[in-house]
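**Student:** Next up is a structure, given as structure tokens.
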Amino acid sequence: VGCTRGKAWVATGGPAMLVEPLLALSWLDWLFIGAYLFVLAAVTLWVRLRPHYNTVATEDFFLGGRDVSWWAIGLSLFASNLGTDHLVGLAGSGAASGLSVGSYEWSATYTLVILGWVFVPHYLKARIFTTPEYLEKRFSPSLRTAFTWLTLASILLTKVSVTLFAGGVIMRVLFGWNIYISVAVLLTITALYTSVGGLGAVMYTEVLQAALLFVGSFVLLYYGMQAVGGWEGLREKLPEEHFHLLHDMDHPEYPWLGVLVGMPIASIWYWCTDQVMVQRTLATREEPVAKRGTVFAGWLKITPMFTMVLPGLIAAALFPDEIAKDSNQAYVLLVIHVLPAGWIGVMVAVILCSFMASLASCFNSSSTLVTMDLYRRAYPDASEESMVWVGRLATVVMAVLSFLWVPVIDQTSSQLFLYIQSVSMIWAGPVAVVFLAAVCSERVTDSSVKISAGVGVTMGVVFWLMQNVYYKEMGQSELGDFIRNFNFLLYAIFSAVVTGVILVICVAVEELLSGMQRAAPDDETKPLSARLTRCLYANWAAGTLILTVAILTAIFA
């Protein structure tokens, strides 16, 4: 399989620590790493020095001048999503539980089609910078403010700090660095090129990063499959349930109803309403360009099942003792033990680029939120230059806050990806329902959204606290056991249904009291099913994508 480099793992209270680094890089490895960092700097400089790039224009800094190509949008959506939290988290959950976690990636494929054909037309027509800004134009300024703070919290809790932690874990494994030193170094590099080049630099460097991530991950899969003895060798070493996507309803992590219904609800929040993802589609003025980008990203999202989840299963088969201590180390164990010299350097560059792509996206999106949704509204006469500088300062502040949150994540979950999903379920259902209602029906009002979303998010906070913080205080009662064991994917369904029911009741009561019914939806607010059907008939790439994922799901069910 390859020689072990350095010392062994030592178990601690959190993820495994190292006495000494496990990896000694060759000169060829360092050459690849250096080449990657050089090209990263060159792309950032190219974006900055383009003739039409205005260093003090908000559209150029926050939205890349709104002239980004469809392929860049697709690759940027793909790379922004697949940070080190996915490299560590998907492989770790794959090692612990099998292929089921890859359903998150496949649910993203048809959700990206929903983004392109249901949400993007509204977003581009409104000429917004942020998704909270859309809520103001559709409903009210107060709703925009509330969703801005919720989005910033979600970026901090489920994206930036988790990506930092995952990157720190990998650097600690590879080089023996203290996790906080690792995080500080990676933060500095990423914040520098994000604040210098804005979204243009972020998106075009993500094109490079996505290509490197794609190639490197398939190479790791190839060497991993050779080491484990191919598909048959892998199946001989692991339980049969590791190779199925759908499980019984009593499965603790992936009940079939949660996979088929709960995951898409979470995906609608993540891909269709979250600023980090949506901002990529706002980087063009042309609706067809954004649609082609989302479909391209959807095709790319089929691959992580094979390039990130499957390597986790390989690691579980090759290194069962290490995985039993901490499944989060699955991906990096393969890099250390199965790759030859040279390719290790490529994979270290892949890890760095996945970290930087995800983190840069979060920094740029959070700086856009702070500047356009908070600062510009407080100071409407502020100059373009001052808003760009506020955006750069917001990047630094978000980096510091993320660094301070890392110790909390270190003690939260042995499966990093499940931590991300469990926290996001606090608001995923209510936000998905509110945005779908906003684009699908003109009858939905500001007050009905506030009441339903307020109840839904409050219910999510209470549920998460009872399940993760106050579970000991509930004792061994039937209610306590039910809440502790209630799957978060099933909770997403429950939360969305409750929010939707309250929303419908509120709209009905308002119309009853006012004695009139609001205008029927126009062409842009046709029912969701009608627009998706039209999309699948009109666009062969989108239709084929949905059919492909359905067939793959049936094969691995």
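**Student:** Enter the accessible area of M356 (Å², nearest 10), with the probe set to 1.4 Å and all protein chains included.
**Tutor:** Ignoring ligands and nucleic acids, M356 comes out at about 0 Å².
**Student:** I would also like to ask the following. Kindly sort R376, R392 by accessible area of their heavy atoms, largest first, with the probe set to 1.4 Å.
**Tutor:** Result, largest first: R376, R392.
**Student:** Same structure, new question: Could you give me the ³J(HN,Hα) list for the stretch 91-100, computed from phi with Karplus coefficients 6.51, -1.76, 1.60 and θ = phi - 60°, whole Hz, x at Gly and Pro?
**Tutor:** Values per residue, Gly and Pro as x: 5, x, 5, x, 5, 7, 10, x, 6, 4 Hz.
**Student:** Apply the Karplus parameterisation 6.51 cos²θ - 1.76 cosθ + 1.60, with θ equal to phi minus 60°, to every residue of the stretch 443-458 and state each ³J(HN,Hα) to the nearest whole Hz, in sequence, with x for glycine and proline.
**Tutor:** With coefficients 6.51, -1.76 and 1.60, one gets 6, 6, 10, 4, 5, 5, 5, 4, 5, 5, 5, x, 5, x, 5, 4 Hz.
**Student:** Another question, then. Accessible area, 1.4 Å probe, largest first: how do L552, L45 sort?
**Tutor:** Values: L552 35, L45 100 Å².
So, going from the largest accessible area down, we get L45, L552.
**Student:** For the stretch 206-289, rounded, prolate or oblate, judged on the Cα gyration tensor with a ≥ b ≥ c (square roots of eigenvalues), a/c < 1.5 rounded, else prolate if a/b > b/c?
**Tutor:** Numbers: a/c = 4.05, a/b = 1.32, b/c = 3.07.
Oblate is the answer for the stretch 206-289, as a/c is 1.5 or above yet b/c matches or exceeds a/b.
**Student:** Rounded to a whole number of µm²/s, how large is the Stokes-Einstein D of the stretch 272-395 at 20 °C and 1.002 mPa s, given Rh as the Kirkwood radius over C-alpha pairs? Walk me through the numbers on the way to the answer.
**Tutor:** Working: Rh = 18.0 Å.
Value of D from the Cα-based Kirkwood radius: 119 µm²/s.
**Student:** Which value, in Å² and to the nearest 10, is the accessible area of R377 when all protein chains are kept and the probe is 1.4 Å?
**Tutor:** 80 Å²
**Student:** Rank these residues by their accessible area, most exposed first, probe 1.4 Å: D326, D67.
**Tutor:** On the way: D326 10, D67 70 Å².
Largest accessible area first, the residues go D67, D326.
The values are calculated or read from the model by the stated rules, or taken from the named source; none is laboratory data. What you are looking at is a predicted structure, and each value in this text was computed from that prediction instead of being measured. What goes into the accessible areas is simple: the full protein's heavy atoms, side chains included, and nothing from ligands, DNA or RNA. Shrake-Rupley method; radii C 1.70, N 1.55, O 1.52, S 1.80 Å.
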